[in-house]
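Step one of this worksheet: look at the structure below.
The values are calculated or read from the model by the stated rules, or taken from the named source; none is laboratory data. Predicted model, so just to flag it, every value in this text is computed and none were measured. Every residue, glycine among them, receives a Cβ derived from its backbone with ideal geometry; neighbour counts consider all protein chains shown. Accessible surface is based on the protein model in full, side chains and every heavy atom, while ligands, DNA and RNA are left aside. Shrake-Rupley method; radii C 1.70, N 1.55, O 1.52, S 1.80 Å.
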Amino acid sequence: MARIVDQYIEIVKKRNPGEPEFVQTVEEVLGSIEPVLKKHPEYVKSGLVERLIEPERMITFRVPWVDDKGKVQVNRGYRCQFNSALGPYKGGIRFAPNVYPGIIHCLAFEQIFKNALTGLPIGGAKGGADFDPNGKSDAEIMRFCQSFMTELYRHIGANIDSPAGDLGVGGKEIGYMYGQYKRLTASCDGSGVTGKPVSSLGLNGRTEATGHGIVFFLKNMVEANKDTLKGKTVVISGFGNVAWGTAQQLEKEGAKLIAFSGPDGYILDEEGITGKKVEYFLDLRNSGKNICEPYAKKFKSAKFFKGKKPWGVKADIYIPCAMQNDVLMESAKLIVKNKAKYYCEGANMPTSNDALEFIQKAGIPVGPAKAANAGGVACSAIEMSQNARKMPVSREEVDTMLYDIMKHIYEASANAAKEYGKKGNLVMGANIAGFLAVAEAMTVQGIV
Ligand code: GLU
């Protein structure tokens with residue numbers, strides 16, 4: 001039997017040809033809200049979903065810059081301001097060679113519900129460029145960021161849109177963008193971008209916030225199952241900001257991280273990845289080579305597996321923290337075969353829809369990205385409020401607020417799942433809770 005949401009999925013497919021990632025995200029989110037639309041026919045009548053699936057604005061622009069050899073390079077930049085029902089647009093900027101409208105649409109759409117789940121006043125957006133920062137000198141990265149901001153600045157601002165980092169965009173890139181934003185707007189109140197270095201009106205602890213938040217979410221999920229993180233073995237992917245923060249907090253909770261990965265393969269360190277080994281992630285990242293093999297040369301307890309993903313390593317918990325489409329069906333089968341106790345998404349869209357369904361059907365509790373990794377953007381909203389109030393927030397305050405926000409997200413997702421007859425299904429619960437918050441705001445704002 002046809003579902004109400006099928007008509008909307010058809011519109012997205014027709015209107016965005018060649019954008020499978022976007023279609024996949026829409027299918028995932030709308031697939032969860034069918035029971036909500038049945039209960040609330042007014043949302044169907046007011047064309048709410050038709051409006052929700054069409055971005056308010058997609059800005060596409062030229063980013064010209066000159067490389068170290070004096071050669072002119074041209075990239076394409078994007079900012080998709082998808083939905084502002086709950087507040088100013090908010091979401092990261094991604095620099096990667098595979099950035100194209102389909103990725104930006106998909107991430108911006110996902111961001112609407114993630115931001116709604118935080119309970120903070122932020123709408124959904126995403127941006128980026130098809131620029132590969134790997135192998136570029138600092139001077140090239142700076143010139144690129146300055147050129148990118150020279151166009152972007154006219155579309156953003158404290159009450160309009162506040163971009164932050166994402167894949168390929170960390171404190172360094174945000175620092176360069178903030179510097180240029182300041183020059184162009186002649187204002188130095190810390191607005192424009194978040195995730196700024198602490199020296200430049202950034203928030204204490206923002207860099208590790210996403211990773212810490214993931215573990216806080218996971219902790220709530222594990223404790224709801226009358227279980228503990230203490231002594232659990234964990235496998236993650238990636239060694240960027242998200243993986244680094246996750247590794248730090250796992251150690252604090254007494255879990256044992258035994259494997260992580262990079263694009264070149266994975267590292268197995270059964271002694272446990274703790275302390276200075278976790279901090280070594282920063283060296284790996286700063287090397288600009290985007291490889292994890294040097295870890296095995298530095299720490300004798302480790303082994304490197306070239307060209308392989310880490311999902312075949314037996315562990316209690318799996319947390320993909322690297323990028324989208326990291327866990328496809330063959331990896332999901334390994335995770336289930338290894339009798340995983342929990343699966344929690346760290347990166348955005350790391351699991352294909354069929355792989356996620358397979359893991360859930362095996363009875364493994366799943367923490368979806370839009371709920372589990374919302375701590376990063378939540379701390380970005382705290383950074384915006386810190387800058388507006390002109391009062392620094394201490395690291396301790398950030399940590400306490402972050403824990404409370406992640407607990408709220410867990411509870412909102414778990415309660416929504418229960419209310420709609422899907423107890424324990426956090427994937428559906430997160431989509432429903434996020435959708436309801438946005439739908440309520442869109443309803444009172446009329447047909448806009
Ligand atoms: N890129 C992060 C995310 O996916 C952070 C966005 C932000 O802080 O605005 O949520």
Step through the residues of region 80-89 one at a time and calculate ³J(HN,Hα) from phi using the Karplus curve (6.51 cos²θ - 1.76 cosθ + 1.60, θ = phi - 60°), rounding each to whole Hz and writing x for Gly and Pro. 9, 9, 7, 8, 10, 4, 9, x, x, 4
Test of understanding: in a Gaussian network model of the chain with alpha carbons linked when under 10 Å, which of I382, I59, I291 would top the mean-square fluctuation ranking? I59
Taking θ as phi - 60°, what are the ³J(HN,Hα) couplings along region 155-164 by the Karplus curve (6.51, -1.76, 1.60), each to the nearest whole Hz, with x for Gly and Pro? 9, 10, x, 3, 9, 10, 6, 10, x, 9
Scattering curve values for the chain, log₁₀ I(q)/I(0), Debye with Cα scatterers, q = 0.11, 0.13, 0.14 Å⁻¹: -0.83, -1.19, -1.38
Taking 0.36 nm per intervening residue step and subtracting the Cα-Cα distance, what contour gain separates R57 from S199 on full extension? 47.8 nm
Rounded to one decimal in Å, the inverse mean reciprocal Cα-Cα distance for region 279-325, i.e. its Kirkwood radius, is 12.5
At 0.36 nm per residue, minus the direct Cα-Cα distance, what do D227 and E279 gain on full extension? Give it in nm, one decimal, please. 15.9 nm
Top to bottom by accessible area (1.4 Å), largest first, where do L218, L184 land? L184, L218
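Starting from 0.36 nm per residue, how many nanometres of slack lie between S187 and E396 once their C-alpha separation is accounted for? Intermediate values should be presented prior to the final figure.
On the way: separation 209, 0.36 × 209 = 75.24 nm, distance 2.89 nm.
So the extension gain works out to 72.3 nm.
Taking region 326-448 on its own, what percent of its Cα-Cα pair distances exceed 20 Å? Present the calculation step by step, with values, prior to reporting the outcome.
Numbers: 4092 of 7503 pairs.
The proportion of pairs with Cα distances above 20 Å equals 55 percent.
List the DSSP H helices in the chain whose Cα atoms stretch 15 Å or more along the helix axis and whose mean Kyte-Doolittle hydropathy is at least -0.5. Before the final figure, lay out the partial values.
On the way: long enough: 20-39 (29 Å, 0.07); 101-117 (24 Å, 0.78); 138-152 (21 Å, 0.13); 171-185 (20 Å, -0.99); 206-224 (28 Å, 0.18); 241-252 (17 Å, -0.69); 275-286 (18 Å, -0.82); 374-389 (23 Å, 0.18); 395-419 (35 Å, -0.64); 426-444 (27 Å, 1.67).
Qualifying helices: 20-39, 101-117, 138-152, 206-224, 374-389, 426-444.
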19 Å Cα cut-off, lysine pairs counted over region 96-195 (separation 8 or more, or different chains): 4
Please list, ordered by chain and number, the residues whose modelled amide H lies under 5 Å from the amide H of N204; skip anything fewer than 5 residues away on the same chain. V393
Scoring only Lys, Arg, Asp and Glu (+1, +1, -1, -1) among other residues with Cβ under 14 Å from the Cβ of R94 yields -3
Highest GNM mean-square fluctuation, the chain, Cα pairs closer than 10 Å: which of A362, A381, A259? A362
Can you compute the modelled spin-label distance between L328 and S287, with each label point 7 Å from Cα toward Cβ, in nm? 2.7
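When ligands, DNA and RNA are left out and all protein chains stay put, how many square angstrom of accessible area per residue does the chain have with a 1.4 Å probe?
Per residue, the chain has 41 Å² of solvent-accessible surface.
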Gaussian network model of the chain, springs between alpha carbon atoms under 10 Å - residue of T351, T210, T60 with greatest fluctuation: T60
Counting only residues 5 or more apart in sequence or on a different chain, those whose built amide H sits under 5 Å from that of A347 are C321, A322
List the lysines whose Cα lies under 18 Å from the Cα of K337, skipping any in the same chain that are fewer than 8 positions away. K232, K308, K309, K314, K361
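Taking a threshold of 22 Å on the Cα-Cα distance, which of the pairs K370/K423; K90/K370; K277/K333; K252/K297; K196/K276 fall above it?
Working: K370/K423 18 Å; K90/K370 14 Å; K277/K333 30 Å; K252/K297 26 Å; K196/K276 25 Å.
Pairs exceeding 22 Å: K277/K333; K252/K297; K196/K276.
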Whose amide H sits under 5 Å from the amide H of C80, counting only residues 5 or more places off or on another chain, with H placed in the peptide plane? I59, K126, G127
Ranking F260, T400, G245 by how far each Cα lies towards the positive end of the charge dipole of the chain (+1 on Lys and Arg Cβ, -1 on Asp and Glu Cβ), the top one is F260
